[in-house]
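What follows is a single structure, written as structure tokens, with notes after it.
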Amino acid sequence: MLDDIANGPIMTGKSSDGQKRERISLYQPEQEGLIFPEIPEFETFEEERAYRKQHLVAACRAFDQHGFDYGFAGHLTVRDPERPELYWTNPMCVHFSQVKVSNLILADHKGRVVEGDYAINRAGFVLHAAVHEEYPEVMAMCHAHTTYGTAWCATGRPLDMISQDAAAFYNSHAVIGASAGAVAVEEESGLSVAKQIGRNRGILHQNHGLLTASQHSIDDAAFWFIALERACHQQLMVEATGIKPQLLSDETAKYSREHVGSDYIGWLHFQTIYSHIAQTQPDMFD
Ligand SMILES: [Zn+2]
């Protein structure tokens, strides 16, 4: 999808085993000993699974905080580290604010729940399973019926590069008109949408809503989903003025995407949200 190595490998800091870490972003401090989020390294699948589940829960709760709920619509998925053909997702008919580690479900590509007590959202598994199957490199996905995203999707137009934030989607988002407005509950329909998602970070599904996919993490998929909804909101506001916006040049948009719009930066942005939710909503770990 996107090149995470914004500035070439730069060595910085030391990991727990004393080895120099490779610096993948200018945001990583060169000064040692400062508090800064680090992508953890896992010794066991259990540790990695627990991490992914906790971050999936936090992503659901972030969606609640942003008002992305619409009844039972909306689903977030992340692959299991040990069995990547299975993915963890939020349970059907549980509000984003009430998702917790213990009510997540593990499902296969046929929509069968292999772990957990709750039912699965059929539209969720049809779409997500199709994407996860079509693109083995996709680690996580998010979808919801948000107000501004769905409104902008009705125009059938891609986003204009009106800001540095919008540039995160430069050459990395697409409008899909197929199955537009029809709920993707039939497997064939999910597959036709999945095939068009390609290597894009964000999808504007016409007359339906937004989707994001990440090769990196659920953190990355969730943050760029929040960003995509915000970009649609801002685009609608600019359009409402009737004034033609000044756009970023292709060169500037590309620079912004590579330096402040990478998968790593999506993950890093989400750590701010994760930390806030983990501290204020400790029942997420139940
Ligand atoms: Zn939907």
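Bear in mind these aren't lab numbers, they're just calculated from the coordinates by the rules spelled out. Treat the numbers as computed from the prediction; the structure is a model and nothing was measured. Ideal geometry is used to build each Cβ from the backbone, glycine not excepted, and the neighbour counts take in all protein chains shown.
A few points about this structure:
- Two-decimal Rg/Rh across the chain, once Rg and the Kirkwood Rh are taken from alpha-carbon atoms: 0.96
- Length gained when the stretch Thr147-Lys244 is fully extended (0.36 nm per residue, less Cα-Cα span): 32.6 nm
- GNM result for the chain, Cα springs below 10 Å: residue of Gln196, Gln31, Gln98 fluctuating most strongly: Gln31
- Residue-averaged 222 nm ellipticity for the chain, from DSSP H runs of 4+ at -39500 (n - 2.57), nearest 500: -12000 deg cm²/dmol
- Value of relative contact order over segment 46-285, rounded to a whole percent, pairs C-alpha under 8 Å and six or more apart: 22
- Fewest neighbouring Cβ atoms within 10 Å first, the residues Glu22, Glu258, Glu251 line up as Glu251, Glu22, Glu258.
- Neighbour-count ranking [beta-carbon atoms within 10 angstrom, fewest first] of Ser217, Ser249, Ser25, Ser192: Ser249, Ser192, Ser25, Ser217
- A P(r) calculated from all alpha carbon pairs of segment 62-164, with 10 Å bins opening at zero, reads 14, 42, 31, 11, 1 percent.
- Lys-Lys pairs in the chain that are eight or more residues apart or on separate chains and whose Cα atoms lie under 24 Å of each other come to 5.
- Cys93 paired with Leu34, simple spin-label distance in nm, labels 7 Å along Cα-to-beta-carbon: 5.0
- Taking the DSSP bridge list for the chain and keeping only pairs wholly inside it, about 85 percent are antiparallel.
- For the chain, built as a Gaussian network whose Cα springs stay under 10 Å, the top-fluctuating residue of Gly177, Gly33, Gly266: Gly33
- Modelled FRET efficiency - R0 51 Å, Ala154 with Phe42, Cβ distances, 0.05 increments: 0.75
- In order through segment 272-286: 3J(HN,Hα) via Karplus (6.51 cos²θ - 1.76 cosθ + 1.60), integer Hz, x for Gly, Pro: 5, 5, 4, 4, 5, 5, 4, 7, 9, 10, x, 5, 4, 8, 4
- Total formal charge among the other residues, if their Cβ is under 13 angstrom from that of Leu56, Lys/Arg +1 and Asp/Glu -1: +2
- Our estimate of slack between Asp165 and Gln196, defined as 0.36 nm per intervening residue step minus the Cα-Cα distance, is 8.8 nm.
- Cα-centre dipole for the chain with unit charges at Cβ (Lys and Arg positive, Asp and Glu negative), debye to 20: 660
- For the chain, the residue among Gly177, Leu127, Trp267 whose Cα projects farthest onto the positive side of the dipole built from Cβ charges is Gly177.
- Burial ordering of Met139, Met237, fewest other beta-carbon atoms within 10 Å first: Met237, Met139
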